[in-house]
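*Asks:* Can you keep this structure in mind? I'll have questions shortly.
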Amino acid sequence: MKTSPVPRGIYGRLAALIAGDLLLLGGLILGVAQLYLLCGGEYQLSNYFRLWPLLPVFVLVNNLFGLYHGNLLQAGVPPGAAEELRRGFYSIVILFLLLTAWLFAAKIGGQFSRLVLGVSFMLAVVLFPLERFLVRLLLKKLGLGKLPVVIIGAGRAGQRIADICRNSLTLGLEPVAFFDDDPQLAGRRVENLPVAGPIAEAPAYLDEHGIGYAVIAVPAAALRPVLERFVTRVRHLLIIPDTTLLCSMGVSAHDIEGVLGLELSCSLLEKRYRWLKAAVDWVGAAVLVLVLSPVFLLLALLVGLTSGWPVLYRARRLGKNGRHFKIIKFRTMCRNADSRLQELLRSDPELEREWRTNYKLRHDPRITRIGNFLRRTSLDELPQLFNVLAGDMSLVGPRPIIDDEVPCFGRGYELRSKVRPGITGLWQVSGRSDIDYEERVELDVAYIMNWSLWLDYLILLRTIRAVFCGRGAR
């Protein structure tokens with residue numbers, strides 16, 4: 001039986017990632033060394049060219065950590081963005097430990113500045129995710145390194161993964177068609193992709209077009225026959241469960257005497273991790289308040305001079321364990337916003353339906369001109385740092401909700417109520433501006449189930465990017 005080839009384009013994508021990693025490491029060390037010389041350093045730049053063996057070792061260590069789509073010999077799905085951050089950090093730590101051991105063993109450490117190497121290490125840790133983002137962004141802009149895939153199942157899970165593939169720089173997957181046994185979908189387009197036929201016709205399509213990658217997004221009851229049909233025909237199969245609870249670092253695969261077992265763990269339910277997260281939140285918020293104090297003062301003046309006083313808005317929200325607290329924001333609406341909302345809802349049934357569905361209005365007439373800017377950049381949420389210092393919120397977490405939203409979470413609210421809401425969160429940085437309310441609820445629950453400090457770090461990085469790109473986390 002014919003097996004589909006290695007997915008086209010994958011090795012070009014890997015080559016681009018390797019080149020980016022090498023340029024990052026080599027450029028950092030030489031750049032920092034040159035800057036050190038300009039500042040009166042005593043070591044010659046030519047000394048650092050002797051560190052060239054560090055470059056292939058970097059590629060080797062990265063490959064051992066699975067940072068080249070599994071590994072270079074059997075390329076597959078890349079690790080998730082948060083997992084890539086974790087692996088990249090440990091890879092760089094090990095690389096510089098190896099460098100230190102080599103310099104010590106060869107007794108040549110005195111020929112290099114420890115300051116240069118130390119600064120290079122710290123910059124490499126910080127800039128590694130940025131370098132990978134820029135490489136993937138360039139590949140996307142040039143239309144290179146895409147892996148064509150077909151999606152088996154055009155239902156909710158299939159549509160979601162198609163949307164994720166289009167928006168994700170990390171995956172590098174390009175959906176080309178759906179296959180689904182639903183006769184009502186035959187010949188139609190779903191998520192702007194054709195439903196090319198029933199599932200039984202997918203293997204012939206894969207062979208005809210030379211595609212070696214398939215995403216299976218069918219209900220659990222239909223999974224076995226689909227797997228039996230594709231497992232010997234496609235080199236790579238990606239199975240997408242129709243739930244956000246099984247989608248991340250919180251799941252571990254185990255061999256239970258030949259039976260696949262998936263262990264699901266929720267770190268935030270453990271006291272030690274909650275204390276760790278709270279400590280990071282408090283330190284981070286304290287530092288940000290000190291650094292951003294001039295920005296606080298400037299924004300307060302802008303709000304006060306353009307739309308009057310007070311400049312802060314306090315709203316009742318549900319916090320941890322169902323306790324209410326007052327969330328603090330810069331005021332972005334007119335001063336009688338709450339009473340005007342009721343008038344708008346009473347006078348316009350369409351607006352009332354939109355509010356009851358999403359608990360926000362897409363074109364809210366109550367927003368002021370400066371408020372529109374603050375919301376677009378998410379700067380209106382800066383005062384919530386004081387909520388973090390007070391212990392009511394986290395830097396990253398599920399979004400704060402009002403009492404009326406509790407029924408929307410169903411049984412998921414019990415889990416959600418065990419953690420503090422966050423200034424930013426997973427759904428705010430999802431990259432999709434039209435995300436519906438049901439998906440927001442699922443992403444909030446998924447964040448709790450999949451929490452790690454690396455995930456928080458990733459969300460903060462994406463929040464910073466969203467602010468600078470003018471895409472507020474609304």
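The values are calculated or read from the model by the stated rules, or taken from the named source; none is laboratory data. Quick caveat, the model's predicted, so the values are computed rather than measured. Neighbour counts are summed over all protein chains in view; Cβ atoms, including those assigned to glycine, are modelled from backbone coordinates with ideal geometry. Calculation scope for accessible area: heavy atoms of the full protein, side chains included, ligands and nucleic acids excluded. Shrake-Rupley method; radii C 1.70, N 1.55, O 1.52, S 1.80 Å.
*Asks:* Can you give me the pair-distance distribution of the chain, C-alpha pairs, 10 Å bins, whole percents?
*Replies:* Cα pair-distance distribution for the chain, in percent: 4, 16, 24, 24, 19, 10, 3, 0, 0.
*Asks:* Tell me the per residue accessible area of the chain using a 1.4 Å probe; a whole number in Å² is fine. Before the final figure, lay out the partial values.
*Replies:* Values: 24490 Å² over 474 residues.
Averaged over the residues of the chain, the accessible area is 52 Å².
*Asks:* Shifting gears a bit: Taking 0.36 nm per residue of separation and subtracting the Cα-Cα distance, what length does fully extending Asn372 through Ser347 add?
*Replies:* 6.6 nm
*Asks:* Take each uninterrupted DSSP H stretch in the chain, measure its Cα extent along the helix axis, and return the ones at 27 Å or beyond whose mean Kyte-Doolittle hydropathy is at least 0.5.
*Replies:* Span-like helices here: 10-38, 81-105, 114-142, 271-307.
*Asks:* For the chain, with all protein chains present and a 1.4 Å probe, just round the carbon and sulfur fraction of the accessible area to a whole percent. Don't skip to the answer; put the middle values down first.
*Replies:* Values: 15120 of 24490 Å².
For the chain, the apolar C and S fraction of the accessible surface comes to 62 percent.
*Asks:* Could you tell me the convex hull volume per residue, in Å³, taken over the Cα atoms of segment 58-181?
*Replies:* Each residue corresponds to 117 Å³ of Cα convex hull volume.
*Asks:* Just give me a number: lysine pairs in the chain, eight or more positions apart or cross-chain, with C-alpha atoms less than 24 Å apart.
*Replies:* For the chain, the number of qualifying lysine pairs is 14.
*Asks:* Counting pairs of alpha carbon atoms under 8 Å apart in space and at least six apart in sequence, what relative contact order in percent does segment 245-331 give?
*Replies:* Once divided by the residue count of segment 245-331, the mean separation gives 14 percent.
*Asks:* For labels at Val93 and Thr170 in the simple 7 Å Cα→Cβ model, what's the distance in nm?
*Replies:* About 1.9 nm separates the two model spin labels.
*Asks:* Hey, can you grab everything whose amide H is under 5 Å from the amide H of Ile216? Only 5+ residues off in sequence or another chain; H modelled, so Pro and N-termini drop out.
*Replies:* Ile152, Leu238, Ile239, Ile240
*Asks:* For the pair Val259 and Arg189, what calculated FRET efficiency results from E = 1/(1 + (r/R0)^6), where r is the Cβ-Cβ distance and R0 = 51 Å, to the nearest 0.05? Don't skip to the end; give the middle numbers.
*Replies:* On the way: r = 40 Å, r/R0 = 0.78.
Efficiency, from the Cβ-Cβ distance: 0.80.
*Asks:* Please compute the Kirkwood hydrodynamic radius of segment 130-211 from all pairs of different C-alpha atoms, in Å with one decimal. Present the calculation step by step, with values, prior to reporting the outcome.
*Replies:* Values: mean 1/r = 0.0741 Å⁻¹.
So the Kirkwood estimate lands at 13.5 Å.
*Asks:* Given the rule -39500 (n - 2.57) for each run of at least 4 DSSP H residues, summed and divided by the residues of the chain, what is its mean residue ellipticity at 222 nm, to the nearest 500 deg cm²/dmol?
*Replies:* It lands at -16000 deg cm²/dmol.
*Asks:* Same structure, new question: Just need the relative contact order of segment 140-288 here, percent rounded to a whole number, with Cα pairs under 8 Å and 6+ apart.
*Replies:* Working: 197 pairs, mean separation 28.2, N = 149.
Reported as a whole number, the value is 19 percent.
*Asks:* Moving on. For Cα pairs less than 8 Å apart in space and 6+ apart in sequence, what is the mean separation divided by the residue count of the chain, i.e. the relative contact order in percent?
*Replies:* 14 percent
*Asks:* Continuing with this model, one more query. Give me the extension gain from Arg314 to Ala220: residue separation times 0.36 nm, minus the current Cα-Cα distance, reported in nm with one decimal.
*Replies:* Gain in length upon complete extension: 29.3 nm.
*Asks:* Another question, then. Work out how much length Leu38 to Val289 would gain on full extension: take 0.36 nm times their residue separation and subtract the Cα-Cα distance, in nm to one decimal. Walk me through the intermediate numbers first.
*Replies:* Details: separation 251, 0.36 × 251 = 90.36 nm, distance 3.42 nm.
Contour length minus Cα-Cα distance gives 86.9 nm.
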